[in-house]
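Asker: Pasting a structure below so you can have a look.
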Amino acid sequence: MDSPPQSKKANSNRGTKRIQNPLSTPPQKDAYTRLLSQHRSSKFSLYLEQYAKDSSFQKEENGPGPGNGLGPALGVQSDKLNIPQRKKDPVLCDFSDSSDFSPSSLKNVGGESSLSLYKEKLSSRNAQQECERKHGASDWQRCGQRRDTTTSQDGDIESGEEIGCLKPGNAKKHQKHQKKNKDFNGDVASKEAELFVGHLKSPKKTRTSVQEQDKVKKSKKKNPPKQPEEEKNTEILKCGIDAQMSRDRSPHSKDKKLQQPKTSSISSPADKIKNKGGRGSKKQVFESYMTSEEVSHGLKRGELIQGQLRINPKKYHEAFIPSPDDTRDIFLDGIVARNRALNGDVVVVQILPREQWKVVRNDTDCEGTSESETQAENMIRTAQKKTQSRPNPDVIVEDQYSDRDKLTTKCRNMSLSDTGEPLEDPAAARYNEGILQKTAKVVYIVEKKHSRAVTGFLKFLPDKPFAMFSPVDHRVPRINVPLADCPEDFSSRPGDYTNTLFICRITNWAVDSNFAEGQLAKTLGQAGEIEPETEGILIEYDVDFSDFSDEVLDCLPKNLPWTIPPEEMKKRRDLRNECIFTIDPATARDLDDALSCKQLPDGNFEVGVHIADVSYFVEEDNALDATASRRATSVYLVQKVVPMLPRLLCEELCSLNPLTDRLTFSVIWKITPEGKILNEWFGRSVIRSCVKLSYDHAQSMIEAPEKLFSPEELPAVDPVHPIDEIHQAVLNLHYIAKNLRAQRFSGGALRLDQLKLSFTLDKESMMPQGCYVYEYRDSNKLVEEFMLLANIATAHHIYRKFPELALLRRHPPPKAKMADELQELCNQLGIDIDLSSSGALHKSLNTLLGDDGYAIARKEVLTHMCSRPMQMALYFCSGVVREEEHFKHYALNVPLYTHFTSPIRRYADIIVHRLLASSLKCGPRLGLSTDEVEKQASHCNDKKTLSKRVHELSTELFFGVFVKECGPLDSEAMVMGVLDQSFDVLVLRYGVQKRIYCKTVAGLSSFHHHKVGKKSELTLVWTPENLEDSPVEQVISIFSLVEVQLQADGAPMKYKAVLKRPEDGGS
């Protein structure tokens, strides 16, 4: 088992050193040469001798002129990589450190002499390398080590930076890495051979004069590297084969001005190495983007793919875009492949060659759930030891600012087997071992949907004109911020700002820089406080929480208190005398829906859904409309709401407050007690709500049908309508809703209920005093059924009237591959689940998983598993999606659906109201085109996704505060997912999900991962409390019950789940 990760303090120190050292110290010696001198082996020496003989033989066979310079062994390897060979490339080696190995000095030296010189140089470095290693930092550490995701105890990446060169004083902290490095040495020999043999150059790049080399030396001395990776990357030898490939495939050239890549260009690892230049020059870290014309042609020809980028928040080096064929997502490995795109951006990607595709064990790994790929040792060992239980693929380890891993992967592909023979074709081997997942690189950003604003902390860099901004979100790069943009006393008193949270906006990210450039937008306050953290979340997710402008407020009614104009009353159906009421959360202030139910003489019912007529106040194309369109949705935080509309509208004029005349849009049905609709009516109306019921009030009425409620038990009620009338209406609605719900689910609908955490807050401080899992009860279901019915009816009406303009909402079916994987896993777990349709899945989920007290918990875990293949529901314009079968809403199992019932908080509903009014000839003609409706639909999709994420982050924030103030908190937890070094649990008492990393579990002596088919298990071996006892084994698999303790983490507002030792000796 690998040694436990370093403490956060150590990581923090190393992260700081990584920033400062490369910028303030002279370049180090050749890191690659040090690596070779440390990892000498007899196999490597024999290989070099064999290569010398092969080179000599080739030279005698081909003559002194330019011939086929590739030795037999190398030729085989090149064939494996499908690299085109040119017969005119001479066998010459160019070492990046020109002070040690100058191409010009080797120009007239034969193959054996070159190798002799190389070996002699390696030997001369041994003493120096031994001295350096005694200072406590291994070569691997000096080259820069990526912080593994397992260093995080709360499921988030602790840091997105490399660990730079270490001070001698830190030696003790890192001695435990030395042993791991020694184990790694044996696997590196084959890498060394490939690197030495493979790094050849073309004639143009080897004919460098001595004077030119001297100039390069001087420039290196005068211009120390300004980027942290430059020093390291230039120490990697340049591969001539790859240079040849890059000349054939890539437009970039070291000796030419950078050009934009062509559509057909494929970037190999060597492309990126080559673009990094010498120590004294600016390297090109990223490829230049294609032109819009190239992208357009590439998309039309099917050579490029467009999609929205999704970066794994727990493993920031992994990113994905959806596949056009709705199979496995396309994988983007590392920030170089992302090419400066951020999470949520719409990008165009180019698929990489097949040999660079990723192999995964199952389709869930296609979403970045496996962890072993973060270990370079495992990568190389997998290629050499095919008998291991877990075939580790061509999965690439990516430092945030390094592409060294690309070379490592290629080394493994070309490494020699124990017999000295080349391995079989890696692509074929990988295909046999697992599932191939396409990989790609970004060549163009269509739309920067990420706000480019991020919260984080400032770090002072001595003797630099800028400070380093470290984002809290590790999916965003570090940012250089000019000191002039920092607080005035930051340079003199940087320690005062250690815990200060800032907002920084990215202004530029150049192709030749690992870091973005940016400006501080705002100082938020101290990290760990709710309001600064909340403001940071809102800014980062581009939520406009500013005050509404005067221009917007001018669009509101001026004469207050406002009353309905008489001429408007004449145009509407007057329902003010009907028994109409609202049912909402107790704290709700934007009441946009009301219900009515009246029994008819024939035994049927007249049921009405009455929705606030927001479109009456928000006229098309004015400043208010533009702002509402831009905000698109209200954003709900734990302690407050960021409204889409000014509060005068959303809390007063539009809100269906009790005992007040309000304008509404109504849909009224004649319906049987069994829920069969006999007729329906749409129109504008006026209502007067008789009471504001909470879900608790309605639930009490449902649970006590015979009870006579007193006025003290309810809010103020309109005396025109007695409490008994309201109570009976609620009971009638409940009865009809139960029948509607039964019909819906028998007809194939699906509901995936997930646990929702709610809080009780102190009224003054707004700090959490308690938390509980929100219970979804019959009163909630009552309201839901009639809102769904109204939305479905409205969708059919507006689509019938406006087949090219209707704004609808569709829900695509789950991803087939992932659903198949889940089906196979459930079969192995002995769970009878049917994923063939939404209805079949719903029926499966509602079959109790056991008859003990944990059946509900198992259902929650299974629901979470079933949510993974599901896709997001989307707004769309009916005139854009031509095939009607794509209109379908999978979960509801209905052909047409839209949103009509929440116009106070959703702009999509306002558009639907306008369509409805226009169709009924009771409103102005809609001035939107098909493209404009589709554009607005897309924007609403984006904003809805962001608002959902903001709500989740707000909940996490408050729960983190609650754990800190009231913890530690003990709870049972059920395992909901098992990876190779960690597992996810559902904390049953609080409904939160946390990841537990095996390396961080105290008292654990070792752990082992085992997988049979799709079923993954971890065996945890606990050190016995008494030395006389034998170790305790605990098996972790899906549905396992464990005991956890939630504790405050070191980071502000963060908490972690700590696994407790099993009491009964196992699980």
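Asker: Quick check for you: which residues of region 564-607 have the amide N under 18 Å from the point 7 Å beyond the Cα of N732 toward its beta carbon?
Answerer: Correct set: 575-583, 594-607.
Asker: I want to check the label-to-label distance for Q754 and K676. Put each point 7 Å from Cα in the C-beta direction and report it in nm to one decimal.
Answerer: 3.9 nm
Asker: Beyond 20 Å, what share of the Cα-Cα pairs of region 816-905 remains, rounded to the nearest whole percent?
Answerer: Roughly 48 percent, once rounded to a whole number.
Asker: Continuing with the same structure: For E703 and E1025, what does the FRET efficiency come to when R0 = 30 Å and r is the distance between their Cβ atoms, rounded to the nearest 0.05?
Answerer: That pair, E703 with E1025, gives E of 0.05.
Asker: Determine how large the accessible area of K817 is when every protein chain is in place; take a 1.4 Å probe and give Å² rounded to the nearest 10.
Answerer: Its accessible surface works out to 80 Å², give or take rounding.
Asker: Rank these by accessible area, largest first, 1.4 Å probe: K1054, K738.
Answerer: The residues order as K738, K1054, largest area first.
Asker: Can you flag which of K859/K964; K640/K756; K449/K843; K283/K1054; K859/K994; K843/K888 are past 27 Å Cα-Cα?
Answerer: Distance filter (> 27 Å) returns K859/K964; K449/K843; K283/K1054.
Asker: If you don't mind, there's one more thing I want to ask. Going by accessible area, probe 1.4 Å, with all protein chains left in place, what is the ranking of D584, D820, D485, largest first?
Answerer: Result, largest first: D820, D485, D584.
Asker: Measure off, as a whole percent, the carbon and sulfur share of the 1.4 Å-probe accessible area of region 574-712, all protein chains present.
Answerer: Carbon plus sulfur share of accessible area: 48 percent.
Asker: Please work out how much length the chain gains when fully extended from H1010 to Q599, using 0.36 nm per residue of separation minus the C-alpha to C-alpha distance, in nm with one decimal. Mind dumping the intermediate values first?
Answerer: On the way: separation 411, 0.36 × 411 = 147.96 nm, distance 6.26 nm.
Answer, rounded to one decimal: 141.7 nm.
Asker: Here's another thing I want to ask about it. Shape verdict for region 594-717, please, from the Cα gyration tensor: rounded (a/c under 1.5), prolate (a/b greater than b/c) or oblate.
Answerer: Values: a/c = 2.34, a/b = 1.43, b/c = 1.63.
Oblate is the answer for region 594-717, as a/c is 1.5 or above yet b/c matches or exceeds a/b.
Asker: How many nm is it between the label spots at D832 and R354, if each spot is 7 Å from the Cα in line with the beta carbon?
Answerer: The two pseudo-label positions are separated by 4.3 nm.
Asker: Then there's this: In the neighborhood of R882, defined by Cβ-to-Cβ distances under 15 Å, what is the net charge if each Lys or Arg adds +1 and each Asp or Glu adds -1?
Answerer: Overall, the nearby charge balance is -4.
Asker: Also, I was wondering about something else. Using the per-residue mean of other Cβ atoms lying within 10 Å as a proxy for protection, in what order, highest first, do the peptides 610-618, 759-767, 511-519 fall? Intermediate values should be presented prior to the final figure.
Answerer: Working: 610-618: 25.3, 759-767: 11.7, 511-519: 20.3.
Packing proxy ranking, top to bottom: 610-618, 511-519, 759-767.
Asker: Separate question: What's the FRET efficiency of T660 with K948 using the Cβ-Cβ distance as r and R₀ = 51 Å, to the nearest 0.05?
Answerer: Given R0 = 51 Å and the Cβ-Cβ separation, E is 0.95.
Asker: Under the 0.36 nm per residue contour assumption, what length would be gained going from the current alpha-carbon distance of K640 and A716 to full extension? Intermediate results must be reported in sequence, preceding the final value.
Answerer: Working: separation 76, 0.36 × 76 = 27.36 nm, distance 2.50 nm.
My answer for the length gained is 24.9 nm.
Asker: Looking at region 639-675, which trypsin sites (Lys or Arg not before Pro) are DSSP coil and have at most 14 other C-beta atoms within 10 Å of their C-beta?
Answerer: Sparse-neighbourhood loop trypsin sites (Lys or Arg not before Pro): K640.
Asker: Using 7 Å Cα-to-Cβ label points, what is the D778/R647 separation (nm, one decimal)?
Answerer: 3.8 nm
Asker: If one puts a single equal scatterer on every Cα of region 279-334 and applies the Debye formula without solvent, what log₁₀ I(q)/I(0) results at q = 0.14, 0.30 Å⁻¹?
Answerer: Calculated log10 I(q)/I(0) at the listed q: -0.56, -1.15.
Asker: Here is a follow-up. So what is the relative contact order for region 294-344, in percent, with contacts set as C-alpha pairs under 8 Å and at least six apart?
Answerer: Rounded, it is 29 percent for region 294-344.
Asker: Determine the distance separating the Cα centre of region 960-996 from the Cα centre of region 588-649; give it in Å without decimals.
Answerer: Their Cα centres are 37 Å away from one another.
Asker: Also, quick follow-up: Can you order the peptides 911-920, 498-507, 550-559 by their average number of other Cβ atoms within 10 Å per residue, highest first? Write out the running numbers ahead of the final one.
Answerer: Working: 911-920: 22.7, 498-507: 19.0, 550-559: 12.6.
By packing density, highest mean first, the sequence is 911-920, 498-507, 550-559.
Asker: Right, next: If ligands, DNA and RNA are left out, what is the accessible area of I671 with a 1.4 Å probe, given in Å² to the nearest 10?
Answerer: The accessible area of I671 comes to roughly 0 Å².
Asker: Per residue, what volume in Å³ does the convex hull of the Cα atoms of region 667-766 enclose?
Answerer: So the per-residue hull volume is 196 Å³.
Asker: Then there's this: At a threshold of 8 angstrom on Cα-Cα distance, excluding pairs fewer than six apart, so keeping six or more, what relative contact order does region 555-676 reach in percent? Show your work: numbers first, answer last.
Answerer: Working: 147 pairs, mean separation 37.9, N = 122.
Relative contact order comes out at 31 percent.
Asker: When Rg is the radius of gyration of the Cα atoms in region 747-875 and Rh is its Kirkwood radius, what does Rg/Rh come to?
Answerer: Working: Rg = 18.8 Å, Rh = 17.8 Å.
Looking at region 747-875, the ratio lands at 1.06.
The values are calculated or read from the model by the stated rules, or taken from the named source; none is laboratory data. Source: prediction; values computed, not measured. Here the Cβ is made from the backbone with ideal geometry for all residues, glycine too, and neighbour counts use every protein chain on show. Ligands, DNA and RNA are excluded from the accessible area calculation, which covers all protein heavy atoms including side chains. Shrake-Rupley method; radii C 1.70, N 1.55, O 1.52, S 1.80 Å.
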